[in-house]
Amino acid sequence: MVKAPFPEPPVIYINPWGSAKPGLGDRMFRWLSQGAGTLIIALIAAIGVFLLWRAIPALERNKENFLTYGGHWVTADTSAMHFGILDLVKVTVFVSLFALLLAMPVALGVALFLTQYAPRRVAGPLAYLVDLLAAVPSIIYGVWGLQVLAPQLQPVANWLSDALGWCFLFASDPATVADGGTIFTGGIVLAVMILPIITAVTREVFAQTPQGQIEAALALGATRWEVVKTTVLPFGRSGYVSGAMLGLGRALGETVALLIILRGTQQAFNWSLFSGGSTFATKIASAASDFDDQYQAGAYLAAGLMLFLLTFLVNAVARRAVTGAGRAHR
């Protein structure tokens with residue numbers, strides 16, 4: 001007896017929207033998503049164009065090379081202006097990297113403790129307290145740093161200056177160290193300010209480590225630290241780098257706290273932690289009285305444009321680092 005052939009299987013068309021035809025709700029959601037993304041790009045481009053447009057008249061009257069001049073900022077005579085961003089770049093990057101260097105190890109330790117070691121009834125309140133640091137206004141950090149922290153750090157600064165003064169990073173003028181309004185103090189305050197950002201991002205990523213990997217490592221006899229080293233840290237490396245770059249972006253643009261701390265030190269920046277100087281943000285904020293003149297304001301808007309581009313560069317590097325770490329982990 002010959003069996004009948006099997007019938008042809010039906011052809012199934014798979015639609016990425018999950019139905020034969022996208023519904024009105026799906027189309028509206030797609031349009032809104034695309035519109036929101038386009039709007040953000042347009043706003044960023046508009047900010048850049050505005051800064052460039054307002055900066056061009058001042059740059060045309062500048063008698064110095066804007067990118068390489070690091071002398072005194074002279075804009076009172078708008079017919080012959082002298083300004084540049086070299087010193088601003090140095091101070092901004094130096095104090096931000098110093099703060100990041102202090103904050104990253106602490107944030108990593110706090111995130112590991114809250115996700116891997118602390119009991120749940122303790123981890124919740126501690127995480128809430130760390131997050132509260134981000135709610136403190138910048139002006140409070142600035143006053144606290146100059147009036148409370150700086151006097152407490154003076155013995156440490158004196159010891160570093162005496163013991164390691166041969167190194168340019170710790171070379172100082174005794175009067176500057178006694179004043180307290182230095183990059184050393186500002187960097188420590190800035191590290192406290194960016195700590196909640198790095199900790200929050202790192203903690204959330206570490207908490208997403210697959211439980212199966214952790215249990216497998218424990219079943220093989222690994223200690224808690226070995227579990228952290230072999231599963232948690234490799235899984236959360238990209239998130240940790242991403243959080244650090246977010247913190248760096250926050251540090252680059254900090255204004256009020258550093259303005260309060262650094263304004264009392266008139267010593268020029270010389271690559272020492274005990275020197276002074278101005279960052280992009282503090283330089284712009286301290287010259288608000290000059291904004292009535294379009295050319296004087298344009299000089300500071302030119303500096304703002306460079307800060308705008310610097311943050312873009314940092315975000316691009318962060319994106320590259322996170323993508324590379326993710327590929328290496330896979």
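The values are calculated or read from the model by the stated rules, or taken from the named source; none is laboratory data. Predicted model only: the values in this text are computed from it and were never measured. Positions of Cβ are backbone-derived with ideal geometry, glycine not excepted, and every protein chain shown enters the neighbour counts. In case anyone asks, the SASA skips ligands and DNA or RNA and just uses the protein heavy atoms, side chains included. Shrake-Rupley method; radii C 1.70, N 1.55, O 1.52, S 1.80 Å.
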Given the options Thr68, Thr38, Thr92, state which has the largest fluctuation in a GNM of the chain using a 10 Å cut-off (strictly under) for Cα springs. Thr38
Once you put a point 7 Å from the Cα of Gln34 and another 7 Å from the Cα of Ala163, both along the Cβ direction, what distance in nm separates them? 6.3 nm
Among Arg224, Arg54, Arg237, which one shows the highest mean-square fluctuation when the chain is modelled as a Gaussian network with alpha-carbon springs under 10 Å? Arg224
Running a GNM on the chain with Cα contacts under 10 Å, which residue among Gly35, Gly181, Gly243 ends up with the highest mean-square fluctuation? Gly35
For Arg263, Arg319, Arg203, what's the largest-to-smallest order of accessible area, 1.4 Å probe? Arg319, Arg263, Arg203
When the label point is put 7 Å from the Cα of Gln294 along its Cα-to-beta-carbon vector, which residues of segment 61-91 have a backbone N closer than 14 Å? 61
Helix axis angle, 294-329 relative to the chain longest principal axis, alpha carbon, degrees: 40 degrees
Could you calculate the contour length gain from Leu67 to Ala171, that is, 0.36 nm times the residue separation minus the distance between their Cα atoms, to one decimal place in nm? 34.8 nm
Which value, in Å², gives the accessible area per residue of segment 46-326 when a 1.4 Å probe is used on the protein heavy atoms? 49 Å²
Kindly express, to the nearest 10 degrees and within the range 0 to 90, the angle between helix 150-164's C-alpha long axis and the longest C-alpha principal axis of the chain. 80 degrees
Net charge near Gln296 (other residues with Cβ under 13 Å of its Cβ; Lys, Arg +1; Asp, Glu -1) is -1
Angle in degrees between helix 24-61 and the longest Cα principal axis of the chain, rounded to the nearest 10: 20 degrees
Per principal axis, largest first, the Cα atoms of the chain extend in Å by 106, 54, 32
